[in-house]
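Enquirer: Pasting a structure here, questions to come.
The values are calculated or read from the model by the stated rules, or taken from the named source; none is laboratory data. Computed from a predicted structure; not experimentally measured. Every residue, glycine among them, receives a Cβ derived from its backbone with ideal geometry; neighbour counts consider all protein chains shown. These area figures cover heavy atoms from the full protein model, side chains too; ligands, DNA and RNA do not enter into them. Shrake-Rupley method; radii C 1.70, N 1.55, O 1.52, S 1.80 Å.
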Amino acid sequence: MTQHNRSARQMTTRQLPCARRPVMGVLLLATLALMLSSCGTPNQRYLLQLAPPECADGGHTLEDPVLMLDDFTTLPGMDRTAVFIAQDNVIQPSTVWYWEGNPAEIMTQAVSDRLECAGPYRVSWPYFGELEHAAVLRGRVREFQLVNTSLPEFRIRLSVELWGPRHTRMLAINTFTASEPVDAITPQATASAASKAVSKATLAISEWLDANRGLVTP
């Protein structure tokens with residue numbers, strides 16, 4: 001998988017404490033970790049990156065209108081870093097596979113990465129309401145999970161809203177879904193499928209914003 005030069009990072013293995021480790025700093029990459037032994041004992045984990053898209057056209061200029069990106073939210077049960085696995089209409093968090101952020105944090109960063117080089121706006125994130133801006137984008141993660149069936153896939157579903165400046169009025173709303181087949185129930189295959197599904201979903205959001213730019217800048 002091709003990595004964007006500006007977001008290439010060196011990843012290292014480390015020990016995880018039994019308690020959940022809070023996410024520190026801005027997440028530039030979403031990472032899937034496989035813990036091979038119980039908490040509190042030496043363990044090994046594989047770090048797999050979800051690379052941001054490459055900016056083929058060089059990104060935006062200072063003349064482009066600013067879009068404020070609000071942090072995505074998620075349901076309380078999904079506010080955790082464990083990888084969710086769905087099977088037979090039951091969804092449960094894995095006890096051995098973990099993301100570096102929860103689904104809302106992962107998708108906020110992924111949307112920011114996409115909009116930095118696609119769509120009609122310059123994106124500003126984290127949200128900074130005092131900065132002059134043309135619109136606000138906010139979203140909620142409804143699904144972000146590995147579906148374990150005879151034909152496993154990684155599935156994403158997002159509710160996204162486009163608002164006027166400072167959330168004064170809602171301009172448009174849409175639901176985006178994306179899925180990608182998973183070759184095998186392994187960390188590597190799951191991360192690869194998740195990366196492709198995230199890319200599909202964020203591209204669809206970018207194209208939707210472009211189609212609705214007349215609501216913001218007539």
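Enquirer: From zero outward in steps of 5 Å, how is the percent of C-alpha pairs of the stretch 105-167 spread across the bins?
Expert: The percentages, shortest bin first, are 4, 14, 22, 22, 15, 9, 6, 4, 3, 1, 0.
Enquirer: Another question, if that's okay. Which order, highest average first, do 163-176, 119-132 follow once you tally other Cβ atoms within 10 Å for each residue and take the mean per peptide?
Expert: 119-132, 163-176
Enquirer: Pop the C-beta distance of residue 213 and residue 157 into the FRET formula with R0 = 22 Å and round what comes out to the nearest 0.05.
Expert: So the FRET efficiency works out to roughly 0.35.
Enquirer: Ordering 177, 74 by accessible area with a probe of 1.4 Å, largest first, what comes out?
Expert: Reading off the accessible areas and sorting them downward yields 177, 74.
Enquirer: Shifting gears a bit: Percent of alpha carbon pairs in the stretch 117-218 separated by more than 18 Å?
Expert: When every Cα pair of the stretch 117-218 is considered, 54 percent fall beyond 18 Å.
Enquirer: Normalised radius of gyration for the stretch 53-191, please: alpha carbon Rg relative to 2.2 N^0.38 Å, two decimal places.
Expert: Taking N as the residue count of the stretch 53-191, the ratio is 1.17.
Enquirer: Note the direction-averaged projected area, equal to a quarter of the hull surface, for the Cα convex hull of the stretch 79-135, in nm².
Expert: So the Cα hull casts an average projection of 5.9 nm².
Enquirer: Of the accessible area of the stretch 111-170, with the probe set at 1.4 angstrom, what percent is carbon plus sulfur?
Expert: 49 percent
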